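The values are calculated or read from the model by the stated rules, or taken from the named source; none is laboratory data. Just so we're clear, the structure is a prediction, and the values are computed from it rather than from any experiment. All Cβ positions, even for glycine, are placed from backbone atoms using ideal geometry, and neighbour counts span all protein chains on display. Each accessible area value is taken on the protein alone, full model and side chains, heavy atoms only, with ligands, DNA and RNA left out. Shrake-Rupley method; radii C 1.70, N 1.55, O 1.52, S 1.80 Å.
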Amino acid sequence: MAFDGALFEAREINAWRGDRHILRDVSFSVRSGEFLKITGPNGVGKTTLLRVICGLLPAETGDMLWRGKPVRGHREEFNTELGYLGHLNSLKGDLTTRENLKFLAGLRQSLTSEVIDEMLDRVGILSRADLPARSLSAGQKRRLALARLLLADAALWILDEPVTNLDTAGIQLVEDLIVDHVQHGGIAIAAAHQRLLDDAPCLRRLELEP
Amino acid sequence: MIRTPIREAAKLVFTRDLTLAWRRWDEVAQPLIFYVVVTTMFPLATTPDMSALREISGGVVWVAALLASLLALEALFRADVEDGTMEQWVLSGQPLGWLLLAKVAAHWVLTGLPLVVMSPIVGTGLGLPYDAWGVLMLSLLLGTGTLSVLGGIGAALTVGVRRGSVLLSLLVLPLAMPLLIFGARAVGMQMDGDSPAGPLQLLAAIFFMALSLGPIAMSAAIRISVEN
């Protein structure tokens, strides 16, 4: 259990986007070994909530705690344990698949080329390692972004629609990765429309209402 | 796994930008071409008389260098913000200011340094005497370096704004005026046989101030810009 004792709590989060009050008193807690799936119709604030957790958007009121400590004031420490997979894949089309991982995932952990290749193999795009990322299909780009997430070695995964553009095998891959992550003591929080681990024992749900 | 030390992380950002520029060299070469073309046009538009050109050579080279550096600034952070790379930098757990400074350093190597290296040649074309080469290059070295950092702050502030390029020029150009004045003055004093130490020292002071405060301002501005 690599990420023992991980615990994330959000207390009465309120956030506005422009003049719209999107998140109203959202509270939840997830602990080591749990997968929290955030559902709700389009525009209800799933992405906003995920970005607030990451600190990419400010919450108007409310507290967040990581391992019992407030995230506010310990943001850098929290970030080292945070892996974020957003709508955007954060890829450079002019760099090769391998270089993309080297230059972005390498900011967090020192990577050897063996580690990178192993990860590309795990997400099934090793054969594309030396091609520019722009030549990958949309699904393959998503897989590359997943490889980056895995290399972050983070306890808390924040996934925004992780299965977008993925085929059946890709969705299965995401499910396997999440199950593996929570079995190692990690936490995953995902916003998803599609079926995603709907019958898994680690699943918890948070339904956002407009 | 081992956490990447900040020095390594900054090096990764720096080499990444050089690698990307190598694959997109046409975009990178644009400011340099602008610089050479503008300075070449001056004798055509004014007078081919070398002694008359010599009087304005330092100023012309400086103005051209300033505008050429400004040309490349707008795109500085845009691509990284739009494709989501910047979000990942913000969340990387590394001090964002250092990563941005590494990016600005790469930007300077690609757009500022070529201007400095090219300046004796374009200066000579305008009748600049050989003994002013050193001062011209040194003043441009400090000036373009400062401008890259100042421009970095401006670009970080305007990256989330649509049509931010107009705003960027309005923000950066007034701040660049002291550089232009002291830089051109240093070259002029050298040509008149005076010691250019005073304006050069002022340029160096501005450079180090920008270098030390710039990363703080840039990271604060980027954090605001990724909030969208």
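Annotations
- Of the trypsin sites (Lys or Arg not before Pro) found in the range A:130-197, those that fall in a DSSP loop while having at most 16 other beta-carbon atoms within 10 Å are A:195.
- Counting only protein heavy atoms and using a 1.4 Å probe, the accessible area of residue B:172 comes to about 0 Å².
- C-alpha center-to-center spacing [the range A:141-162, the range B:1-78] in angstrom: 37
- The largest accessible area among A:184, B:107, A:87 belongs to the first residue in A:87, A:184, B:107, and the rest follow in falling order (1.4 Å probe, all chains).
- About the Cα centre, charge dipole magnitude for the protein assembly as shown (Lys/Arg +1, Asp/Glu -1 at Cβ), debye: 220
- Here chain B is treated with +1 on each Lys and Arg Cβ and -1 on each Asp and Glu Cβ, and its dipole about the Cα centre works out to around 480 debye.
- Trypsin sites (Lys or Arg not before Pro) restricted to DSSP loop in the range B:140-209 with at most 12 other C-beta within 10 Å: B:162, B:163
- With every protein chain in place, the range B:6-226: carbon and sulfur % of accessible area (1.4 Å): 71
- Distance between the range B:152-186 and the range A:61-79 - C-alpha centres, whole angstrom: 36
- All Cα-Cα distances of the range B:6-226, cut into 10 Å bins from zero to the largest, leave 8, 33, 34, 18, 6, 1 percent in each bin in turn.
- Relative contact order (percent, whole number), the range B:6-226, Cα cutoff 8 Å, 6+ residue spacing: 27
- Accessible-area rank, largest first, for B:181, B:56, B:153, A:13: B:181, B:56, B:153, A:13, with all protein chains present and a 1.4 angstrom probe.
- Size of electric dipole in chain A: Cβ of Lys, Arg +1 and of Asp, Glu -1, about Cα centre, debye, nearest 20: 480
- Most to least accessible of B:103, B:11 (protein chains only, probe 1.4 Å): B:11, B:103
- In Å², nearest 10: area of residue A:179 left accessible to a 1.4 Å probe: 40
- Helix runs (DSSP H) in chain B reaching 24 Å along axis by Cα, Kyte-Doolittle at least -0.5: B:6-23, B:25-45, B:50-73, B:133-158, B:164-191, B:197-225
- Rounded to the nearest 100, the interface formed by chains B and A buries 3000 square angstrom of accessible surface, both chains summed, with a 1.4 Å probe.
- Rounded accessible area of residue A:135 (nearest 10 Å², 1.4 Å probe): 70
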